[in-house]
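Working notes, beginning with the structure itself.
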Amino acid sequence: RPRVVILGSGWAAARLVHDIDPKLYDITVISPRNHMVFTPLLASTTVGTLEPRSVAVHMNDIQPALSSPSNALYIAEAQSVDPTSHTVTCQSADGMSFAVSYDKLAICTGSQGSTFGIPGVLEHAHFLRDVKQAEAIRQRLIENLALAGIPGRPLDEWQRLLHVVIVGGGPTGVEVAGELTDFISNELRKLYPERSRAMRVTLVEARELLGSFDASLREYAARKLIRRGVVLRKASLRGYRTVRPVQDGTVLPYGLCIWSTGVGPTPFTLSLPFAKTAVGRIAVDKFMRPVPHVYALGDCCANPDNPLPALAQVAEQQGRYLARVLNAAAKGPVYGETTAVQQLAPEFRYRHLGSMATVGGHSAVLELGDAQRRQLSLAGFLSWVAWRSAYLTRLGSLPKRLAVAFDWTVTMLFGRDLSRW
């Protein structure tokens, strides 16, 4: 059987691994982590609404056939790709190098948070793209609350420790702000009333809050966040240890800075011997290929003629598409790139399903359809119910659905846990 090598374990890789037929292909997955992260619920783990394990799905649960001797899951980082010899060179966490041969290669290595060249961001800000980073945010938040309770703390230092700055007004930034306000008004107010009154959350966005949403939903989200105590600042940044909005030169001292702006290419993506777009993503054709027998999916790639946003639903649809293409190719009368793509499968077409974001409390904004053909715009409690229902059903495995439902129930009945270790 031909071997498909899949680099990464994000949305595109997980969908491809799930849908590809293990009776037709031998499968090798190479990724620094052994799980896929359900990123829409990641913001909830930063304050303990959900446990980290509830939003992480092991790759073997996604595709049980990975346990077969003919398949493999290697916890390692891909270092280079040689399209001539059809090999991928990898390195494990302890520095051991090895090579893997492929018949078909799917590059699903994603992207990294973009700092826009602002100095100090990598050293001092917290990104939110995986479970480790969410845990680091939670640990820093709880640590700052503990440090603020030390007797004799100077007032300015006390205020700094209790100030959270969120950079980026997209769905992730808005949802983190909403989760923080829930945490402050519930658990923190009960445990540390004085610190809860002094706790501040500032959300900084250079353009529009939830810019891809309808104007009425953007206004609703802004009103809701302001009512819950979030300070909204429209500003560009030039940072270091403090965040400085350029317009008025204001300095915002913070105890915790969460960076949730746009994304950019990883060093691995930039190092690959394939053509790139102007922003450094792998340039692919309408069949998701940079070169024959190699595919690129998700945030790491773009079709120069029709670039798509770096969204989970884009990556997932590409993973589903490629699995369908490869399965059809293996069943075709002649196994080959031309037959598979040109005769058995159409070009990839993306269908935008909509967008959702919670804004704290029991409120959310929901939009179905795209900017050209919006089918439904909804805000409030019903949107919040739809948000929870949609993501609960999308988790994919029954154990994870039960875990998330259990965490939500425990949080509602008993509150969030502030333990730190």
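The values are calculated or read from the model by the stated rules, or taken from the named source; none is laboratory data. Note that the structure is a prediction, hence the values are computed from the model and not measured. Cβ sites come from the backbone with ideal geometry, for glycine too, and all protein chains shown count toward neighbours. Ligands, DNA and RNA are stripped out before the accessible areas are found, and what is left, the full protein with its side chains, is counted by its heavy atoms. Shrake-Rupley method; radii C 1.70, N 1.55, O 1.52, S 1.80 Å.
Descriptive notes on the structure:
- Among 228, 401, 197, residue whose mean-square fluctuation peaks in a GNM of the chain (springs only between Cα atoms under 10 Å): 197
- Label zone at residue 250 (point 7 Å along Cα-to-Cβ), backbone N below 20 Å, region 122-156: 156
- For the cross-link pairs 104/132; 132/224; 23/104; 286/331; 190/224, the ones whose C-alpha atoms lie over 25 Å apart are 104/132; 132/224.
- Antiparallel beta bridges, as assigned by DSSP with both residues in the chain, represent about 50 percent of the total such bridges.
- Summarising the amide proton neighbourhood of residue 79: residues at separation of 5 or more, or on other chains, whose placed amide H is nearer than 5 Å comprise 89, 90, 91.
- Per-residue packing, averaged as other Cβ atoms within 10 Å, sorts the ranges 391-397, 218-224 into the order 218-224, 391-397, beginning with the highest.
- The packing ranking, built from the mean of other Cβ atoms within 10 Å per residue, places the peptides 39-48, 10-19, 64-73, 121-130 in the order 10-19, 39-48, 121-130, 64-73, highest first.
- Residue-averaged [θ]222 nm for the chain, counting only DSSP H segments that reach four residues, each worth -39500 (n - 2.57): -9500 deg cm²/dmol
- Whole-percent carbon and sulfur share, accessible surface of the chain, 1.4 Å: 54 percent
- Where labels lie 7 Å past Cα in the beta-carbon direction, separation of residue 285 and residue 412 in nm: 5.2 nm
- Summarising the strand pairing of region 143-266, around 10 percent of its internal DSSP beta bridges are antiparallel.
- Net +/- balance of residues flanking residue 159 in space, Cβ distance below 15 Å, scoring K and R +1, D and E -1: +2
- Projecting label points 7 angstrom from Cα along Cα→Cβ for residue 226 and residue 419 puts them 4.1 nm apart.
- Panel values: the chain, Kirkwood radius from alpha carbon pairs, Stokes-Einstein at 20 °C and 1.002 mPa s, translational diffusion coefficient 94 µm²/s.
- Positive end of the dipole of the chain (Cβ unit charges, origin at the Cα centre): among 206, 93, 40, the Cα lying farthest that way belongs to 206.
- Projecting label points 7 angstrom from Cα along Cα→Cβ for residue 320 and residue 23 puts them 2.2 nm apart.
- Heavy atoms of residue 118 accessible to a 1.4 Å probe, total area in Å² rounded to 10: 30 Å²
- Subtracting the Cα-Cα distance of residue 293 and residue 275 from 0.36 nm times their residue separation leaves 5.0 nm of extension gain.
- Calculated FRET value between residue 68 and residue 155, using beta carbons and R₀ = 60 Å, to 0.05: 0.45
- Region 277-302-region 57-101 distance, computed between alpha-carbon centres (Å): 20 Å
- Extension gain, residue 143 to residue 208, is 20.2 nm, computed as 0.36 nm per intervening residue step minus the present C-alpha separation.
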